[in-house]
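The values are calculated or read from the model by the stated rules, or taken from the named source; none is laboratory data. Just so it is clear, the model here is predicted, and its values are computed rather than measured. Virtual Cβ from ideal backbone geometry, glycine too; neighbours counted across all protein chains shown.
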Amino acid sequence: MLFFSARAAALLAAGLTATAAQAQLTVNFTVNTGTGRKAISPLIYGTNEPLQAADRYGSVRLGGNRLTGYNWETNASHAGSDYNYQNDDFLCQGLGPGECAQPGKAVSSFVVAARARGQAPLVTLQLAGYVAADKSGTPVTPAQVAPSARWKQVVFRKGSAFSLAPNTADGVVYMDEQVNFLVQQHGTTAAGGVAGYFLDNEPGLWPETHPGIHPAKPTSQELWTKTRDLAQAVKAVDASALIYGGGLYGFGDYFSLQDAPDYPTAVEGAGYAWFIDYYLDNLRQASQSAGRRLLDVLDVHWYPEAVGTSRITEPGANTAADRQARLQAPRTLWQPGYHENSWIADEPYFLNNYLPILPRLLQSINTYYPGTKLSISEYAYGGNDDISGGLAQADVLGIFGKYGVYNASWWKTYDPGNPNSPASYISPAFRLYTNFDGAGSSFGRTSVTAATSDVARTSVYAAIDGTSEQRLTLVVINKASQAVTGNFALTSGATYLASRVWSLVQGSPALASRAAVNGLSGNQFSYSLPAMSASVIELRTATALPVELLGFDAAADATGAQLRWSTASENNAAHFVVERRAEQDTTFRELGRVAATNGNHLHRYAYHDDTPQPGLNYYRLQLVDQDQTRRAAPVRTVRIPGDEPNGFRVYPTLVSAGELRYELPAGLATPATLDILTLAGQRVHSCAVPVGIRHGRLALPAVPPGSYLARLRTATGIYRQRFVVLGAD
């Protein structure tokens, strides 16, 4: 159903491309800080695969096809159509020796790592009916479709006492027992444990992705009743748990649950406009009967169907037409009447009744289950290493905040032609909202009205902090291939006198500081926006700027850990908060506070931690302004010798300095080999480990940012641990 109109693409490209002789474009932007106020959920700045620590994601999801067949009792999982339809131990990558045999370790280690990074951990529970019974690494054949010895049956309620050491020989896996395990390990959702539970993934595609588990098309009734029953089982264990239901892969699922067998009678015949309405209405009624909300968040996926030369999400979709289609595709999320080149928009019934998609989803929620939140737990716009991908990502994040999306998780699409892609333009797009100055400064948390006179060439988003208008942040996107003069008119109860500006531009996948606004007067100003760029403009009521951090370092000494930091200037700064998280902890705790001295000159500070814990200690510095605005400096790691468990490990697990340290198992007396692998199994480095040492350092090769596996091969066994290589802050 996909096709490409060369004439349409040529016209679009002509409309957005300028010759050198053309004058600079002028666009008018208006902002009103008193209208359109809507709280922005920090979870919209989420991901399925963290790229760089400095991106400061708000949430991270453990989901996808792998989790449909995950057996928490043994950490076995099923690859499905992602790889050979095999059962294996893939989710054990990064665990230590013996840990793969520990119940729930794959999920528990994910939760610990997410909390250590300050991200809300979102996990997936199994709904389809069966999970992997083995880790053999062999495909499930048609003769082994569930039920068979390759599978364990999923049961939502155990009906008897829970165990943290579940019976792996009883042929069943209990979902409420898994939730109890996570609560015992990490606390309830309300107490800072797992932040939310997704009820499986893309059910309309189960016959294609997991034919060994669910070969038949799921029915509409099956999905909502299973959602009801599993939600009740989860909330019986943790009443504060947030249930994310649906996991719908795209428009085909939204509309008919991918042509569910009972769609004509259960949905269409009952007068519902699409499957989503049926799903929400039945769960609303079930919640009334149960006396508690059973669906907290409607979860969908959105991979745009927009086409340039190819579908924009496809690998290598980077022709001029693809880039233009990608830049315009976010408009399908919000703009009435916008007609992209896609099979959805080209069908008049869909265009007129279901697009733009975000207002239509919110309409269904408000009609059939008011109060339900909206999650988009997988989305991608392609072009990860192209400026068009970065601008589309920045545009989408602004839209999510403006329209009140509760959670959103970017998905890194795989490009076989560039398997180690660093997604170089995606990280700075996130940082426009989460960490634009590298010291933790972020987009505001309350969206306010912002508009542009040219939606084809530009986008604008605005936010304040809470109800205070003292600081106003704007994200402005120029999608044209020539500079734009932006004329800004601000309506606000505050008068803005000072500014800072950072921009992402073509050819340089990093945010760079730019000249401050010149001529800011009466809440009006003009600013030149570079061609193909996204800029964040921070405006403040006072001429004083926040703290300008020069550096923050931590190192072990004879009596503990010494922390030092310096600033180039401080204005209206209140104090610095020093925080620490030990290796076994899940959250940071405050150690102490140091008063700021303020002034436009060099400042040096120090703090000594007299009681660090043996092992790894993570230190975080919070910069607090007089208005209590907080920004966090990058986390620093210190290793303290002591009574640590024997075994192999690498540290830090978040590598930014090009060097990896390792600790060998005690008593290792034979030669060993240390390999560095991608998660796909490709070896990128290998070296011999000398006999008789316990600790060493390894200079990493020039590898792109991403997740890797350190593998130690010895005569007595193989040890593995996962780590992440970060990009430049």
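Residues in segment 283-310 that are crowded, with 20+ Cβ neighbours inside 10 Å and within 19 Å of residue 396 (Cα to Cα): 298, 299, 300, 301, 302, 304, 305, 306, 307, 308. Entry remark, segment 596-616: residues being assigned to a strand (DSSP E or B) and at pLDDT below 85 number 4 in total.
Restricting attention to strands (runs of 3 or more DSSP E) lying wholly within segment 358-453, give those where 2 or more residues are under 14 Å from the mean Cα position of the chain (by Cα) and not polar (S, T, N, Q). Of the strands (runs of 3 or more DSSP E) lying wholly inside segment 358-453, those with at least 2 residues that are under 14 Å from the mean Cα position of the chain (by Cα) and not polar (S, T, N, Q) span 373-379, 407-410. For segment 543-553, indicate whether the set of residues that are modelled with pLDDT under 95 and of a type in the set (Phe, Trp, Tyr) is non-empty. Among the residues of segment 543-553, at least one is modelled with pLDDT under 95 and of a type in the set (Phe, Trp, Tyr), which makes the answer yes.
Does residue 197 satisfy being over 25 Å from residue 70 (Cα atoms), aromatic (Phe, Trp, Tyr) and buried (at least 21 other Cβ atoms within 10 Å of the Cβ)? So residue 197 fails the test. Scanning segment 140-156 for residues that are in contact with a Phe, Trp or Tyr (Cβ under 7 Å, 6 or more places away or on another chain), surrounded by 16 or more Cβ atoms within 10 Å (Cβ to Cβ) and of a type outside the set (Phe, Trp, Tyr) gives 140, 146, 152, 154, 155. If you go through segment 714-728 and keep only what is surrounded by 15 or more Cβ atoms within 10 Å (Cβ to Cβ), touching a Ser or Thr at 6+ places or on another chain (Cβ under 9 Å) and either of a type in the set (D, E, K, R) or over 19 Å from residue 92 (Cβ atoms) (or both), you end up with 722, 725, 726, 727. A residue that is modelled with pLDDT of 95 or more, of a type in the set (Lys, Arg), over 30 Å from residue 622 (Cβ atoms) and out of contact with any Lys or Arg (no Cβ under 9 Å at 6 or more places or on another chain) can be found somewhere in segment 360-373.
Given the condition surrounded by fewer than 18 Cβ atoms within 10 Å (Cβ to Cβ), more than 17 Å from residue 431 (Cα to Cα), in contact (Cβ under 8 Å) with a residue 12 or more places away in the chain and among the polar types (S, T, N, Q), answer yes or no: does some residue in segment 456-465 qualify? No, segment 456-465 contains no residue that is surrounded by fewer than 18 Cβ atoms within 10 Å (Cβ to Cβ), more than 17 Å from residue 431 (Cα to Cα), in contact (Cβ under 8 Å) with a residue 12 or more places away in the chain and among the polar types (S, T, N, Q).
If you scan segment 101-113, which residues turn out to be more than 18 Å from the chain's Cα centre (by Cα), surrounded by fewer than 19 Cβ atoms within 10 Å (Cβ to Cβ) and assigned to a helix (DSSP H, G or I)? Scanning segment 101-113 gives a single hit, 101.
Taken over segment 234-271, the criterion of being under 19 Å from residue 372 (Cα atoms) and either at pLDDT below 95 or aliphatic (A, V, I, L, M) (or both) is satisfied by 234, 239, 241, 242, 243, 248. Any residue in segment 275-290 that is assigned to a loop (DSSP other than H, G, I, E, B), modelled with pLDDT of 95 or more and in the same structural domain as residue 224 (by TED's automatic domain parsing)? Within segment 275-290, none of the residues are assigned to a loop (DSSP other than H, G, I, E, B), modelled with pLDDT of 95 or more and in the same structural domain as residue 224 (by TED's automatic domain parsing).
Of the residues making up segment 153-208, those that are of a type in the set (Val, Ile, Thr), closer than 18 Å to residue 231 by Cα and in contact with a Ser or Thr (Cβ under 7 Å, 6 or more places away or on another chain) number 2. One residue stands out among those in segment 240-275 that are β-branched (Val, Ile, Thr) and surrounded by 16 or more Cβ atoms within 10 Å (Cβ to Cβ): the one that is farthest from residue 299 (Cα to Cα), which is 267. Residue pairs whose Cβ atoms lie under 8 Å apart, separated by 6 or more positions or on different chains, with the first residue in segment 694-710 and assigned to a loop (DSSP other than H, G, I, E, B) and the second basic (Lys, Arg), do not occur. Within segment 428-449, does at least one residue satisfy the condition of being modelled with pLDDT of 95 or more and farther than 27 Å from residue 468 by Cα? No, segment 428-449 contains no residue that is modelled with pLDDT of 95 or more and farther than 27 Å from residue 468 by Cα. Taking segment 69-100 as the range and being touching a Pro at 6+ places or on another chain (Cβ under 9 Å) and part of a helix (DSSP H, G or I) as the test, the residues that pass are 80, 81. Hey, any hits in segment 394-407 for a residue that's in the same structural domain as residue 58 (by TED's automatic domain parsing), at pLDDT 95 or above and closer than 18 Å to residue 298 by Cα? The answer is no; no qualifying residue exists. One residue stands out in segment 157-179 among those that are surrounded by 17 or more Cβ atoms within 10 Å (Cβ to Cβ) and of a type in the set (Val, Ile, Thr): the one that is farthest from residue 129 (Cα to Cα), namely 179.
Scanning segment 321-339 for residues that are crowded, with 20+ Cβ neighbours inside 10 Å and either in the same structural domain as residue 274 (by TED's automatic domain parsing) or not in a helix (DSSP H, G or I) (or both) turns up 329, 330.
Reported count of residues in segment 1-52, each being modelled with pLDDT under 90, touching a Ser or Thr at 6+ places or on another chain (Cβ under 8 Å) and under 26 Å from residue 488 (Cβ atoms), is 4.
When segment 617-638 is filtered for residues that are among the hydroxyl-bearing types (Ser, Thr, Tyr) and either at pLDDT 85 or above or assigned to a strand (DSSP E or B) (or both), the ones remaining, listed by number, are 618, 619, 637.
Within segment 147-186, restricting attention to residues that are acidic (Asp, Glu) and either under 32 Å from the mean Cα position of the chain (by Cα) or outside the structural domain of residue 225 (by TED's automatic domain parsing) (or both), the residue that is nearest to residue 75 (Cα to Cα) is 177. Give the residues of segment 464-480 that are within 23 Å of the chain's Cα centre (by Cα) and over 12 Å from residue 448 (Cβ atoms), sorted by residue number. Scanning segment 464-480 gives 475, 476, 477.
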